[in-house]
Amino acid sequence: MNLLLQTARAYVYAGNWVADCPASCGNVELLYEAAVRGGALTRKKTMFHCSYCKFETQAIEWPSNENEITAVLDRRPIPHTRNWYPADHPAAIRFRIPHGQSVSDLVDENIENGVH
């Protein structure tokens, strides 16, 4: 398989948008760059670059409702509960955690856990 055509799939782990390296080196990279002022993560990366194996691709698969997913997860007070994986994500399947959740599913999960 041509590595240049592989896609990095965006997901949320502990409140951060990240992607696993498509070259399967085991590394995970943040998909936002720190801003010059304040250090806030504000600028979405347009290219995936693995700091471990140096693999690069311009193919990053973002969900079309990224902002809504982020807004619902940001309501959760504990960062390690702010997670979302696209459907059939290998890590979610491997660890038997929810994947492919809709924004409505995330809202329901918040309500079930007392987060409004």
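Quick note: the coordinates plus some simple rules give every number you see, no bench work behind them. Because the structure is predicted, anything quoted here is derived from the model rather than measured. Cβ placement follows ideal geometry from the backbone for every residue including glycine, while neighbour counts extend to all protein chains displayed.
General remarks:
- Fully extending the segment from ILE93 to LYS44, taken as 0.36 nm per residue of separation minus the present Cα-Cα distance, adds 15.0 nm.
- Counting Lys and Arg as +1 and Asp and Glu as -1 over every other residue whose Cβ lies under 13 Å from the Cβ of VAL107, the net charge comes to -4.
- Averaged over residues, the count of other Cβ atoms within 10 Å places the peptides 74-85, 13-24, 90-101 in the sequence 13-24, 74-85, 90-101, highest first.
- The chain: calculated mean residue ellipticity at 222 nm from DSSP helix runs of at least 4, using -39500 (n - 2.57): -5000 deg cm²/dmol
- Charge tally for ASP20 (other residues, Cβ to Cβ under 9 Å; Lys, Arg +1; Asp, Glu -1): 0.
- When the Cα gyration tensor is reduced to axis lengths a ≥ b ≥ c, the ratio a/c is 1.5 or higher for the chain, and with a/b not above b/c it is classed as oblate.
- Environment charge of ALA59, counting only residues whose C-beta is closer than 15 Å and scoring Lys/Arg +1, Asp/Glu -1: -1
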